[in-house]
Every structure is written in structure tokens, then in C-alpha cells.
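One structure is given below, encoded as C-alpha cells.
Every number in this text was worked out from the coordinates using simple rules, so none of it is lab data. Keep in mind that this is a model prediction, so the values were computed, not measured. In this analysis, Cβ positions are derived from the backbone assuming ideal geometry, glycine residues included, and neighbour counts consider all displayed protein chains.
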Amino acid sequence: MRLHFYDATSKAEVNLSDSLSVWGVRGDSTVLLYNRAYGVSNLKFPLNAAADRDTLLLRFIGTDDVATDTLFVEHSRQPHFESLDCPASMFHIIQKASARANTLPHSSLSVDSVSIANPKVQYQDVDNLKVYLRSAAQ
């Protein structure tokens with residue numbers, strides 16, 4: 001799944017101005033999926049092949065603060081067979097995406113909203129989710 005970042009006000013693509021680490025939540029544990037992305041406009045993550053819901057923690061690390069937002073992605077799983085000689089790949093259809101922003105009054109970046117750009121998560125290199133960010137100035 002690919003996330004693409006946009007400004008919540010202008011809807012223009014943005015490159016991250018803060019460092020971003022992304023954690024996947026599975027049960028009572030977390031797994032680091034991406035560590036300290038900076039200056040990028042999109043990131044790719046695997047969806048869980050054993051569950052129909054993924055929870056991602058997006059930790060924005062600014063010069064003066066650290067804030068964590070939560071992204072929820074509900075999806076269905078579809079086994080995909082290329083050949084009898086190969087194991088199945090898992091394709092996904094995103095059904096719902098939502099976000100819960102941090103409540104810190106002066107965090108430099110946070111998630112404003114999220115929308116589904118392309119619900120099919122397959123081999124294609126396309127944006128699946130548009131993540132709209134707002135800065136403390138907004």
C-alpha cells in the first residue's frame with residue numbers, strides 16, 4: 001500500500017518537513033515499518049495478510065515536539081495465484097480508511113484527513129491513500 005502526502009488546505013503534494021516514523025500495531029505489540037522518513041512525498045507499507053484491519057502509528061518528530069497520529073485501514077484479502085508452481089500472493093481491497101490526529105496544540109504536523117485514491121493493492125505502483133497534513137500554522 002502506498003501513502004501519498006498532501007497539504008490539507010491547498011491539496012498540493014508535500015514533502016515531509018518533519019521526520020516521520022511509522023509503526024504497525026499487531027495485538028499488544030508494535031513493529032517499526034519505516035524509520036525517520038524526511039523530505040519524501042510518499043511511503044510504501046505492506047498490509048497484514050492475516051487480518052482485515054491495519055493500524056499504523058505515524059510519529060512526526062519536529063524540532064520542538066513529537067506527536068503521534070493513528071491511521072486505520074480496513075481491507076479485504078484476496079489470494080492471487082500466478083501459477084501452480086508458485087505460492088499465492090495476497091492482494092487487498094481497501095474498504096475504509098480513517099485517521100485520529102494528535103491533540104497537541106502546537107505539533108508541527110498532523111493528519112487532517114485521509115481518502116482512498118485507489119482501493120486495489122496489487123502489483124501496480126499507484127497511490128492507494130491520500131493523507132492530508134496540516135501544520136501548526138493552519
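A few notes on this one:
- Spatially proximal lysines relative to K11 (Cα-Cα < 19 Å; intrachain offsets below 8 disregarded): K130
- The orientation-averaged projected area of the convex hull spanned by the Cα atoms of the chain comes to 8.8 nm².
- For the chain, the Cβ-based charge dipole about the Cα centre amounts to some 160 debye (Lys, Arg positive; Asp, Glu negative; other atoms uncharged).
- Sites matching trypsin sites (Lys or Arg not before Pro) across the range 1-71 that sit in DSSP coil, with at most 10 neighbouring C-beta atoms within 10 Å: K11
- Using the Karplus relation 6.51 cos²θ - 1.76 cosθ + 1.60 with θ = phi - 60°, the per-residue 3J(HN,Hα) values for the range 92-101 come to 9, 10, 6, 9, 7, 9, 8, 9, 10, 7 Hz, with x marking Gly and Pro.
- Extension reserve of the A117-A8 stretch, reckoned as 0.36 nm per residue once the Cα distance is removed: 37.7 nm
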